[in-house]
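Read-outs throughout are calculated quantities, based only on the coordinates presented, and are distinct from any laboratory measurement. Computed from a predicted model, the values in this text were never measured in an experiment. So basically every Cβ, Gly included, is an ideal-geometry build from the backbone, and we count neighbours across all protein chains shown.
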Amino acid sequence: MGGRSEPVTVTERLGPARLGRLPPEVRRPAYDRAALKPGIAHIGVGAFHRCHQAEYTDDLLAKNFDHWGLVGINIRPPLLGQTLGQQDGLYTRLIRQNDEVEARVIGSIVRVVDSQESAAPALEVLSSPDIEMVTMTVTEKGYCHIPSSGALDLDHPDIVHDLADPQAPRSVPGILARALELRMASHGRPMTLLSCDNIPTNGIILRNVVRAFAERRGNGLADWIAANVAFPSAMVDRIAPATTEADVDTVEKRFGYRDSAVVVGERFRQWVVESRFAGRVPRWDRVGATFVDDVTPFEHLKMRVLNGAQTTLCYLGVLGGFEHTSDAMADPILANFVRRMLTEETLPTLMPVPGISPPAYVEQSLSRLTNTAIRHRNHQIATDGSQKIVQRLLNPIRDRLAKDGSITLLSVSVAGWMAYLIKASARFGRAWQVSDPFAEKIELIADRIGKNSKGADRIGKNSKGLVEAILAIDAIFHPALAADDAFRANVTIALDGLLSEDPIAFVRYVCSEPTDARLKRPARSA
């Protein structure tokens, strides 16, 4: 019959038993994990958190050991128990810089909780007197707010559900309000809720949605929160793309163990936190974070420059056929466009930033985006763009309009977001799949305008109708901005060019024209 089969070699999984046998080039936790007690809960344990806040906490524990172990909570996929849970919270953080690879095992996560089917496990952690700090990375849409105003969206399905059944919440505001209610009713210990998401004044927005929810409970909860809970704003920065199988294989082949929770990031990292806390606080400022009185200048700089560049490159990159940010930055037309947009139109909207030169920050940011080892897919960055363009593009445009400044280049980026969603509609043969809360609404608009234009091949001819319909979405576009003639004209011409057969040629055209001539519609052959 058949010959004897060779035994299958199973690579050992990362876990506590493996820590003492890691290769010398892999850095490991420099403290006794067995003695580590929880003091922080984090909601949304994705790649960014594991590359950023969890690493800062790991640094802090090594420098000044205290009860600041992290409890990871996921209320949305993926399930933590299938990755971090099987590894006792341990995972590998890879730094990739072009051809360089640096590995480090992070040990600050002591426990993980999956709370997707029921809020009960999350509420048990969050209401515990041991937890004094809650951090979160739940993405912009996790706050269930209206992007154009920052107010709680009372029509959001999860908010409607949670207000009807507050003891079994599904939303982040609902879960936090219920956890605080449980704390109020039991031990009454204060708590700091620290948003680490890319939202301007994220602490204010978090406070607004939680307190707006609490006010509808009518049991004194909102007053207790005002007296016992702090909502500092923060700016976080590190590029951490989605992990790939190649990243997992890199750890196994180079370092000899299996890790299903690998994360990859760039060398650069930054964390600026508003000094507004309730109770004890982890002293992350001792390991590289910055505590300041006002985060606003830092967050404007990062969101409008780095994130503005990422948003611009992801949409124009997809339209130009580029898969990754670094691919788009390697294209001289797109690189020239984004540099000019930031220098000519974005920088004038910034306030002074202590210790940072904005022009130098632009060059540093663009240099970071050229890192070929960070395979950040444009489609990943494009996710939930309707929740991001307000702070990254629309707010700078409003500031420019207030001073009669040119908005031509920023308007091309806004039109890029529109074109990206329009081309994902049936009218364009669903050129690609998208993930955006307003994707369906914009597809309906494209379908209606397309029918009026008598076919998908003519939809680009009716850019004016498309722009008017999309700008009417007041959850994204403030009515005053949507009504501005210069903004409408710029976006309409840009959308017309980006829906043409050669969108990159249109971008080249825009960069070739002097500022005072850019509003002229280019020849269709351009």
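Summary table below
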read-out: Computed [θ] at 222 nm, helices only, for the chain once each DSSP H run of length n ≥ 4 contributes -39500 (n - 2.57); value: -11000 deg cm²/dmol
read-out: Loop GluC sites (Glu not before Pro), region 25-124 (other Cβ atoms within 10 Å of the site Cβ: 11 or fewer; DSSP); value: Glu25, Glu117
read-out: Among 79-85, 261-267, the order from most to least packed when residues are scored by Cβ within 10 Å on average; value: 261-267, 79-85
read-out: Cross-link pairs Lys302/Lys464; Lys388/Lys423; Lys63/Lys253; Lys37/Lys253 - those with Cα-Cα distance over 23 Å; value: Lys302/Lys464; Lys63/Lys253; Lys37/Lys253
read-out: Loop-resident sites, region 294-361, for trypsin sites (Lys or Arg not before Pro), counting at most 16 other Cβ within 10 Å (DSSP); value: none
read-out: Relative contact order (percent, whole number), region 296-517, Cα cutoff 8 Å, 6+ residue spacing; value: 24
read-out: Surrounding net charge for Ser128, when Lys and Arg each add one and Asp and Glu each subtract one, Cβ distance under 15 Å; value: +2
read-out: Taking region 33-292 and dividing mean pair separation by its residue count, relative contact order in percent (alpha carbons under 8 Å, at least six apart); value: 22
read-out: Whole-Å semi-axes of the ellipsoid equivalent to region 296-517 (Cα gyration tensor, √5λ, descending); value: 27, 20, 16
read-out: Selection of chymotrypsin sites (Phe, Trp or Tyr not before Pro), region 1-109, meeting DSSP coil and at most 13 other Cβ within 10 Å; value: Phe65
read-out: Region 235-319: mean projected area of Cα convex hull, nm²; value: 8.5
read-out: Difference of contour (0.36 nm per residue) and Cα-Cα distance, Arg283 to Arg216; value: 20.6 nm
read-out: Principal semi-axes in Å for region 21-73 [√(5λ), Cα gyration tensor, largest first]; value: 19, 15, 10
read-out: Length gained when the stretch Ser260-Thr296 is fully extended (0.36 nm per residue, less Cα-Cα span); value: 9.3 nm
read-out: Inter-label distance, nm, simple model (7 Å from Cα along the C-beta direction), Asn64/Glu323; value: 4.5
read-out: Full-stretch length increase - Gln82, Thr343 - with 0.36 nm per residue and alpha-carbon distance subtracted; value: 89.4 nm
read-out: Two-site FRET efficiency, Lys403 against Glu12, from Cβ-Cβ distance with R₀ of 45 Å, rounded to 0.05; value: 0.15
read-out: Cut-off 12 Å between beta-carbons: net charge of the residues surrounding Asp59, Lys and Arg +1, Asp and Glu -1; value: +4
read-out: Lys, Arg +1 and Asp, Glu -1 on Cβ, resulting dipole of the chain about Cα centre, debye, nearest 20; value: 340
read-out: Cα gyration tensor shape for region 19-153, rounded if a/c is under 1.5, else prolate or oblate; value: prolate
read-out: Region 128-184 shape via C-alpha gyration tensor axes, a/c threshold 1.5; value: oblate
read-out: Along each principal axis, Cα extent of the chain, largest first, Å; value: 73, 69, 57
read-out: Measure of compaction for region 33-292 (Cα Rg per 2.2 N^0.38 Å); value: 0.99
